[in-house]
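Below: the structure, in structure tokens.
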Amino acid sequence: MYEGLDREGEHLYPAFPYHHFTKVMPEDIDALYAYLMTREPVRNEAPANELTFPFNLRPLLAGWKLLYLDDQRFAGLAGADEQVNRGAYLVQGLAHCGGCHTPRNALQAEKVDQFLQGEVTENWYAPAIAGDVPAAVRWNEEQITGYLTGRWVEQHGVALGPMAPVAQNLSRVTRDDVEAISAYIASLMQDDKAAIEAEVTGAVGEPPDTGDIGAVIYAGACAVCHEASPTPFAAGLPLTFSTSLRIPTPLNLIQIIEDGVKPPEGRPGRYMPGFAGALTEEQLVALASYLRERFAGLEPWADIGGVVAKTSGTDSTGTETAEVERGK
Amino acid sequence: MTARGQWELPRRELLKGGGALVLYFTISPARLVAQEIAPSPPPPPELPGSLSEFPFLDAWIRIDSDEAITVFTGKAELGQGIRTALTQVAAEQLKVDFSRIKLLTADTAQTPNEGYTAASHSMEKSGTAILHAAAYLRRMMIGLAAEELGIAADNLRVEDGVVISSAGERRSYGQLVSGKSLHVTVEDQTGAFAPENYTVMGQSVPRVDIPGKLTGEPSYVHDVRLERMVHGRIVRPPRSGARLVNLDTSNVDQMPGVLNVVRDGNYLGVIAEGRRFKRPPSGKEALRCRPIPVSTIISCNCRQTAA
Amino acid sequence: MITLRVNGSTLETDSDPETPLLYVLRNDMELNGAKFGCGLGQCGSCTVLVDNMPIFSCLTPIAMLADRDITTLEGLGSIDAPGPVQRAFIEEQAAQCGYCIPGMIIRAHALLMRNSAPDEAAIRDALEPSLCRCGTHMRILRAVRRASEGFQEQTSAARERNR
């Protein structure tokens, strides 16, 4: 957990995030060990390493560790109260949020000076959750806690993609700990966003510009749920509040549009149908472009078509699959 | 049932203004019909199932002179299979082939009003009425044939709606009822076939409505399309218990195709024209109907009452 | 004007381009198979095929469908000549009220066109977006299994019959 070594003393790849786990206190490591030893063991042969040369040479990781592994326990945050300290301890250590949310360099090490500033992981973009975050309105602590425990949060939405299982797990963690995480994250976010009125801009129900296929698709396929809907249980996020429209890449938006949103297995939750079969790639590009302009009002994404093409043939966890089929 | 004239049925012309008719209407509390109330004799014993409200044979079965047999039920087929099951009951007790029977369900002009189709009551109420009505009719047919042929009823059998003697003489139901009315009470319920003799009831008969439902044949009320049919949509409040306080229909009044906005207290609805694909292009702009949620057109204030 | 290809026939419609396909199918073409259940893509009663992929016709504006092949329940067979999936559902009596069944049949057909021998998990996964409130699920699964037996031979024969 601290040094990234397996039982035989071989180096482990930092895909197992030991550069975060070094921060965890010994008593917590002991507790983890004690719990794991109560579990029924399984026999599992790890698959053979398929990395290309020279990455398949484990001894080279010693060099990586020299550069990037700082085997230090969590030392506490100066000037922060107990709750924020607890949150920092969890985020930097066990929760290892930086594992997805911090940009990485060419050697796949996290850029410590850009902590939690956003990175592409598992075919989703994990947005910045510190500093200037791309959300439309600011997050307060209660909203972050709600989001992290899998709830629907007004003006932000619900945990999607790789965050969905995270939120499901965190919903079973003691509330105090989740609130500590929220307190710490909230303290990292820049606090200068204006509140947005809950009203949706633009007249609802007005006919779209029929020359813009993106506008037409939005009006006929999306508006019924995503605009002020008389059926709150089925309501989608009004897109003025969508973070996915405000990040540098259309990747998340495309994942959501194509695969929809499913509630966690066996539990109630938000549902959105997927549109992968219905939309052609061209229509998807037009729709993404329209939504970015109308609801985020930011500069257009550079190469939506390229992102769409790259996500073809993978599902939303980045797994290669023959099953994802687009419209023709 | 062997006395001569037992089965003599009234001629149809005698029906009008019959005192007995009025009597049955006034007994049943569900019938709020403004009629002269004749002095009432003691009520007859309670008949089983829906016969208690609709005791007349012709409420349940009609036999046309061309041998067409129609059975009526006030219950509706919802997928519980009664269109098939009630036909089985009628087929069994009438001794008519299943495929020859036409069952008419839930028609306000033609079938008895048996109230809701719910609570698993259809077979119990409607099925019981049809069972006894059909059995009664079958025995009536045998009785009429016996009189006509001068043979004892015991020497007659029925096959697919035809009464047949041992000598091979045949009288069909259509022939036997010709010129007669079936407006008689099903007062005897002893003639039904016993379960151990069932040939159609108790069999697993494929549902007659399934093939149509699975191939797009008109099957549901949504499939009804009438000439000049218009479309109505209710505007529902955002929460249970909300009151409609304020209504501004200025957007809607201008929209082409909108015929009326109906408000009655908390009840709010919009009526608009539908569109027919075959309308030929004309000089005027073709009317277009867009299925946008109606509540977004009309802005209304709804105040939630205290829960 | 938008040109649509439905069950092999072409039609032109001047309905607004954002009109969901379901309205054109039911109102203009008077096809009964696809049904309105929720209008939100949550129940599957409106499911039809576009290029052999199941879509929610209540959420698909006709502007998206120019020049694409749309198949409805009616395109799979008729009451006199039901297709193999319809026949399997009829034989298994896999319907109670029947409202969800066209959507189930459409999804089952799409599945079997891709994979004529699906396992139980694949069948359930394919039908998951269609909801049944009557509780006909077990019969529906039996009907799909039944249809998968010999599906490929039956499909080519049905195409010949309906030509």
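Within segment C:130-163, the set of residues being at pLDDT below 95 and outside any helix (DSSP H, G or I) comprises C:Glu149, C:Gly150, C:Asn162, C:Arg163. Of all residues in segment C:86-104, those that are aliphatic (A, V, I, L, M), more than 7 Å from every other protein chain (Cβ to nearest Cβ) and within 10 Å of the chain's Cα centre (by Cα) total 1. Condition first: in a helix (DSSP H, G or I), modelled with pLDDT of 95 or more, touching a helix residue (DSSP H, G or I) at 6+ places or on another chain (Cβ under 6 Å) and farther than 30 Å from A:Ile257 by Cα. Can you find one or more residues in segment C:89-96 that meet it? Yes: one or more hits. The condition of being farther than 30 Å from B:Gln88 by Cα, in contact with a Lys or Arg (Cβ under 8 Å, 6 or more places away or on another chain), more than 9 Å from chain C (Cβ to nearest Cβ) and not hydrophobic (A, V, I, L, M, F, W, C) holds for only one of B:Asn266, B:Asn260, B:Asn246, B:Asn251, that being B:Asn266. Residues in segment B:67-97 that are part of a loop (DSSP other than H, G, I, E, B) and over 23 Å from B:Leu156 (Cβ atoms): B:Gly74, B:Lys75, B:Ala76, B:Glu77, B:Leu78, B:Gly79, B:Gln80, B:Gly81.
Taking first residues from segment A:243-272 that are modelled with pLDDT of 95 or more and partners that are of a type in the set (Ser, Thr, Tyr) and assigned to a helix (DSSP H, G or I), the Cβ contacts under 6 Å between residues at least 6 apart in sequence or on separate chains come to A:Asn252/A:Ser244; A:Leu253/A:Ser244; A:Ile254/A:Thr311. Any residue that is outside any helix (DSSP H, G or I) and among the hydroxyl-bearing types (Ser, Thr, Tyr) - is there at least one of those in segment B:143-165? Within segment B:143-165, one or more residues are outside any helix (DSSP H, G or I) and among the hydroxyl-bearing types (Ser, Thr, Tyr). Taken together, the residues in segment A:93-125 that are within 24 Å of A:Ala309 (Cβ to Cβ), of a type in the set (Asp, Glu) and touching a residue at least 40 places away in the same chain (Cβ under 8 Å) amount to 1.
Screening C:Leu25 with (1) farther than 19 Å from C:Leu111 by Cβ; (2) more than 8 Å from every other protein chain (Cβ to nearest Cβ); (3) surrounded by fewer than 24 Cβ atoms within 10 Å (Cβ to Cβ) gives one miss only, at (3).
When you look at B:Pro206, is it surrounded by fewer than 16 Cβ atoms within 10 Å (Cβ to Cβ), within 21 Å of B:Ser99 (Cα to Cα), in contact (Cβ under 8 Å) with a residue 12 or more places away in the chain and within 14 Å of chain C (Cβ to nearest Cβ), yes or no? Working first, answer last.
Details: surrounded by fewer than 16 Cβ atoms within 10 Å (Cβ to Cβ): yes; within 21 Å of B:Ser99 (Cα to Cα): yes; in contact (Cβ under 8 Å) with a residue 12 or more places away in the chain: yes; within 14 Å of chain C (Cβ to nearest Cβ): yes.
Yes, satisfied.
Every condition in (1) within 14 Å of chain A (Cβ to nearest Cβ); (2) at pLDDT 95 or above is met by C:Asp67 except one, and the failing one is (2).
Entry remark, segment C:29-64: residues being within 10 Å of chain A (Cβ to nearest Cβ), in a loop (DSSP other than H, G, I, E, B) and under 10 Å from the mean Cα position of the chain (by Cα) number 2 in total.
Looking only at segment C:113-129, which residues are part of a helix (DSSP H, G or I) and over 17 Å from the mean Cα position of the chain (by Cα)? Give the derivation first.
The first filter runs over segment C:113-129 and keeps only residues part of a helix (DSSP H, G or I), leaving C:113-114, C:120-127.
Hits for segment C:113-129 are C:Glu120, C:Ala121, C:Ala122.
So that you can scan it fast, the table gives a plain yes or no per residue for (1) in contact with a strand residue (DSSP E or B) (Cβ under 6 Å, 6 or more places away or on another chain); (2) among the hydrophobic types (A, V, I, L, M, F, W, C):
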residue	(1), (2)
C:Arg107	yes, no
C:Leu111	no, yes
C:Arg114	no, no
C:Ile123	no, yes
C:Met138	no, yes
C:Leu141	no, yes
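Filtering B:Thr215, B:Thr199, B:Thr249 for residues that are surrounded by 15 or more Cβ atoms within 10 Å (Cβ to Cβ) and over 25 Å from C:Pro82 (Cα atoms) leaves a single hit, B:Thr249.
Of note, B:Ser172 does not satisfy the criterion of being loosely packed, with under 13 Cβ neighbours inside 10 Å, in contact (Cβ under 8 Å) with a residue 40 or more places away in the chain, among the hydroxyl-bearing types (Ser, Thr, Tyr) and under 17 Å from B:Ile69 (Cα atoms).
Test B:Arg290 against the criterion of being at pLDDT 80 or above, part of a loop (DSSP other than H, G, I, E, B), out of contact with any strand residue (DSSP E or B) (no Cβ under 9 Å at 6 or more places or on another chain) and within 11 Å of another protein chain (Cβ to nearest Cβ), and give yes or no. For B:Arg290, the condition - at pLDDT 80 or above, part of a loop (DSSP other than H, G, I, E, B), out of contact with any strand residue (DSSP E or B) (no Cβ under 9 Å at 6 or more places or on another chain) and within 11 Å of another protein chain (Cβ to nearest Cβ) - is not met.
Is there a residue being crowded, with 18+ Cβ neighbours inside 10 Å, of a type outside the set (Gly, Ala, Ser), under 15 Å from B:Ala59 (Cα atoms) and in contact with a Leu (Cβ under 8 Å, 6 or more places away or on another chain) anywhere in segment B:136-146? Checked segment B:136-146: at least one residue is crowded, with 18+ Cβ neighbours inside 10 Å, of a type outside the set (Gly, Ala, Ser), under 15 Å from B:Ala59 (Cα atoms) and in contact with a Leu (Cβ under 8 Å, 6 or more places away or on another chain).
Per-residue answers, yes or no, for (1) of a type in the set (Asp, Glu); (2) closer than 19 Å to A:Asp212 by Cα:
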| position | (1), (2) |
| --- | --- |
| A:Arg246 | no, no |
| A:Gly260 | no, no |
| A:Arg267 | no, no |
| A:Glu282 | yes, yes |
| A:Ala288 | no, yes |
| A:Glu293 | yes, yes |
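Take segment C:1-40 and flag every residue that is free of Cβ contacts under 8 Å to residues at least 60 places away in the same chain and among the small types (Gly, Ala, Ser).
Taking segment C:1-40 first, the residues free of Cβ contacts under 8 Å to residues at least 60 places away in the same chain are C:1, C:9-32, C:36, C:38-40.
Once the filter is applied, which keeps residues that are free of Cβ contacts under 8 Å to residues at least 60 places away in the same chain and among the small types (Gly, Ala, Ser), segment C:1-40 yields C:Ser9, C:Ser15, C:Gly39.
The values are calculated or read from the model by the stated rules, or taken from the named source; none is laboratory data. From a predicted model like this one, the values you see are computed outputs, not experimental measurements. Using ideal geometry, Cβ is built from the backbone for each residue, glycine included, and neighbour counts are taken over all protein chains shown.
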